[in-house]
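Have a look at the structure below before the remarks.
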Amino acid sequence: MSFELFITKRYIKSTKITGFISFITLISIIGVMLGTSALIIALSISKGFEKELKEKVIGFTSHIQVSKFDTRYFEKDDWESFEKVKMVSNVKSVSPFAGREAMIRSSYGIEGIYLKGILPEYDFSIIKRSIIEGEYNFDESDGIPKIIIGKKLANKLGVELGDKVIVLAIDPDSPNFSMPKIEQFKISGIYETGMAEYDDIFVYVHLKHAQYLFDLGNRVSGFDVMVKNVDFIDETALLIQDRLGYPYYARTMYQMYRNLFAWLELQKKPVPIVLGLIIIVAVFNIVGTLLMIVLEKTKEIGILKSMGANSKSITKIFIYQGMFIGVVGTALGNALAYALCFIQLKYKPLSLPEDIYFMSSVPILLQAETFIIVSLASLILCFLATLIPSIIASRIQPVEAIRFA
């Protein structure tokens with residue numbers, strides 16, 4: 001063990017108060033620990049919110065949705081043009097859909113819905129993974145078409161799995177709103193995504209039944225496009241737009257849900273700044289701690305220098321002491337953050353109102369890079385905090401130090 005490390009160890013250990021570590025050093029370590037853990041937890045929650053919202057928004061729509069300017073629907077001939085979309089780089093899949101507002105009725109009441117007709121074999125929505133009762137099934141072997149509805153809507157209608165409901169669809173383009181088309185469905189599945197606003201509205205049937213109710217024939221409302229890499233979603237949408245031309249237009253999920261993602265970005269921006277201040281406060285705590293130690297150990301510093309210790313050695317002693325506080329505090333902060341995040345992931349003690357946050361519990365996304373970046377920032381700040389006290393200690397003159405003591 002080097003001379004500087006030996007002295008550092010003796011300074012850190014103190015029998016005056018706790019018998020192992022001085023009270024002031026303990027407070028500094030706790031400060032760094034709380035600052036580090038708070039920042040890691042906040043960033044993990046922020047990333048968790050972003051991940052959950054993206055997955056759920058995509059689940060109800062897609063990465064990119066292609067529509068037409070001049071008419072509301074795609075004719076059968078238009079389908080051939082979408083072979084061009086499949087050939088665009090970064091496009092993963094293309095799926096047709098027919099969707100419009102409608103009404104759903106049970107013996108207990110009637111509610112407004114957004115009825116979406118899909119082809120099950122091409123469906124990539126979140127609904128498949130969110131079925132809590134029944135199954136994802138549009139089979140008509142019993143002669144009755146199937147329908148999948150949200151848990152909140154099922155509660156409003158007072159229906160359960162296997163019950164029958166009636167869907168009514170009115171053509172808004174027809175003069176004087178002609179008689180609606182009506183079809184009976186059997187509930188084959190009930191889903192719950194945690195986004196109550198959507199669970200209350202979106203209802204899924206096979207594409208052919210939506211086409212019948214909306215009197216579309218072979219037409220569809222548009223095409224959902226999934227991409228391989230979301231980071232290049234804007235470029236992919238532009239490529240699709242250029243390849244198809246007018247009257248088609250492609251919108252990304254960020255454009256369709258601009259307000260939602262703007263809110264998400266607003267939530268993210270102040271988090272590193274506000275919580276970064278916590279680490280800075282902890283850093284100043286280290287500065288205060290080392291300065292107090294310098295004052296307390298002035299006599300010892302003078303004796304060390306009179307015995308031959310140079311200014312460089314004195315500087316190292318206080319840098320080592322400050323970095324001990326930083327390393328231990330950062331390590332404990334990482335452990336605390338991981339433990340709290342793991343508890344939330346497994347047991348979900350912190351819940352959220354679904355109507356406001358689109359999810360039932362606080363989301364967490366654990367990423368190694370979050371821990372690494374925060375830890376590096378904490379250690380760098382702790383190192384910088386040791387420089388001022390270390391320089392002050394190294395400039396103490398032996399004679400003045402002994403006389404002052």
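Note on Ser93 and Leu266: with the Förster distance fixed at 30 Å, the Cβ-Cβ geometry gives a FRET efficiency of about 0.40.
Given the Cα-Cα distance of Tyr249 and Val230 and 0.36 nm per residue of separation, how much length would full extension add, in nm? The span from Tyr249 to Val230 would gain 5.0 nm if fully extended. If you look at the Cα atoms of region 62-256, you get an Rg and a Dmax of 17.2, 50 Å. Taking the helices alone, the chain has a mean residue ellipticity at 222 nm of -16500 deg cm²/dmol, built from -39,500 (n - 2.57) per DSSP H run of at least 4 residues and averaged over all its residues. Taking 21 Å as the straight-line reach from the Cα of Lys299, the lysines in range (excluding those fewer than 8 positions away in the same chain) are Lys9, Lys13, Lys16, Lys312, Lys316. Using C-alpha pairs below 8 Å separated by at least 6 residues, the relative contact order for region 134-274 is 22 percent. Among Asp231, Asp215, Asp139, the residue with the largest mean-square fluctuation in a Gaussian network model of the chain, with springs joining Cα atoms closer than 10 Å, is Asp231.
If you take the beta carbon distance between Lys86 and Ala331 as r and set R0 to 35 Å, what does 1/(1 + (r/R0)^6) give as a FRET efficiency, to the nearest 0.05? Calculated value: 0.10. Of all DSSP-defined beta bridges confined to region 96-239, some 70% are antiparallel rather than parallel. Just so you know, the Rg over Rh for the chain is 1.23, from Cα atoms, with Rh as the Kirkwood radius. Extension gain for the segment Leu277 to Asp163, taken as residue separation times 0.36 nm less the Cα-Cα distance, is 35.4 nm to one decimal.
Just checking the listed ones, Ile126, Ile364, Ile110: in the Gaussian network model of the chain with Cα springs under 10 Å, the one fluctuating most is Ile110.
At R0 = 22 Å, how high is the FRET efficiency between Ala368 and Glu55 if r is their beta carbon distance? Nearest 0.05 is fine. The pair Ala368/Glu55 has a calculated efficiency of 0.60. Computed from Cα positions, the angle between helix 233-244 and the longest principal axis of the chain comes to roughly 30 degrees.
For the chain, the longest principal axis of the Cα atoms and the long axis of helix 311-347 meet at an angle of about 30 degrees.
Here the simple spin-label model places points 7 Å from the Cα toward Cβ, and for Glu101 and Asn155 these points are separated by 2.5 nm.
So how tilted is helix 23-60 from the main axis of the chain? Cα-based, degrees 0 to 90, rounded to 10. Tilt of helix 23-60: around 10 degrees.
Between Gly143, Gly117, Gly326, the GNM of the chain built on Cα springs shorter than 10 angstrom shows Gly143 fluctuating the most.
Read the figures in this text as sums done on the coordinates, not as results from a lab. What you are looking at is a predicted structure, and each value in this text was computed from that prediction instead of being measured. In this analysis, Cβ positions are derived from the backbone assuming ideal geometry, glycine residues included, and neighbour counts consider all displayed protein chains.
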